[in-house]
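What follows draws every value from the coordinates through simple rules; no lab data is involved. The structure presented is a predicted model; accordingly, all values stated were derived computationally and were not measured. Neighbour counts run over all protein chains shown; Cβ positions are idealised from the backbone, glycine included.
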Amino acid sequence: KQEVTQIPAALSVPEGENLVLNCSFTDSAIYNLQWFRQDPGKGLTSLLLIQSSQREQTSGRLNASLDKSSGRSTLYIAASQPGDSATYLCAETTGGGADGLTFGKGTHLIIQP
Amino acid sequence: GAVVSQHPSRVICKSGTSVKIECRSLDFQATTMFWYRQFPKQSLMLMATSNEGSKATYEQGVEKDKFLINHASLTLSTLTVTSAHPEDSSFYICSARGNLYDRGRSPEQFFGPGTRLTVL
């Protein structure tokens, strides 16, 4: 059974700081890994998807990396802003992409103005 | 990205009634749809996987007779919570994905906005 772990569970930093969120997974047969953002009481916003053949993806101030050998992914947020406050979820899928996603419990991020 | 809608966004019902939630892919054909459930302060848990025209595959611990899933077309899947009880109160989210074997098809799942179910 796949497991996805995210640390820290919660993080509070001043505005402007760069920060890293961590995600680890147990299944080396990962097909892809996605990072999502979830605002309170809302659905998911997809941030970045990294396929197993890739090592990183970038979108604006976000950069996600994938290291299959160590079973880890990181989400780097540059120059954080109060609007970045949300819960960040990572999720993996296996089975050649046919399987559903296995989610971590998320990192609750607060950016202090 | 592709757009997935869910209806209703919020529903409150009495214990013992059945509730149907619709998930639609608006601008692509969804060969596969997934249903997830999220309890307060918990992460999303996969409930079932449905492929168009086939019976849904349920995850361990999910009662298939209680959570009826129908995926009759390439753009619509429904989840019916039968004889709902307060412990079924949760946030239900669907996702949709196209055919993995279509050339150039993204493997990404696209998520609906979710349905918050409250059973009194």
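Observations on the model:
- The coefficient of translational diffusion for chain A, derived via Stokes-Einstein from the alpha carbon Kirkwood radius under 25 °C and 0.890 mPa s, stands at 175 µm²/s.
- Reachable lysines, given that their alpha-carbon falls under 24 Å from the alpha-carbon of A:Lys68 and they are not under 8 places away in the same chain: A:Lys1, A:Lys105
- Rg to Rh quotient for segment A:50-105, alpha carbon positions, Kirkwood Rh: 1.00
- Fully extended contour minus Cα-Cα distance, from A:Asn22 to A:Ser53, at 0.36 nm per residue: 9.2 nm
- FRET efficiency for the B:Thr57 to B:Lys20 pair, using the beta carbon distance and R₀ = 22 Å, is estimated at 0.65.
- In this simple spin-label approximation, B:Leu120 and A:Ala79 carry label points 7 Å from Cα along the Cα→Cβ vector, and these lie 5.0 nm apart.
- Partnerless cysteines, meaning none of the other Cys C-beta atoms lie under 4.7 Å away, in the protein assembly as shown: B:Cys13
- Three-way shape label, segment A:5-69, alpha-carbon gyration tensor, a/c 1.5: prolate
- Chain B: most fluctuating residue of B:Lys41, B:Lys20, B:Lys66 per GNM, C-alpha cutoff 10 Å: B:Lys41
- Count of Lys pairs (Cα-Cα under 22 Å; at least 8 positions apart or interchain) in chain B: 7
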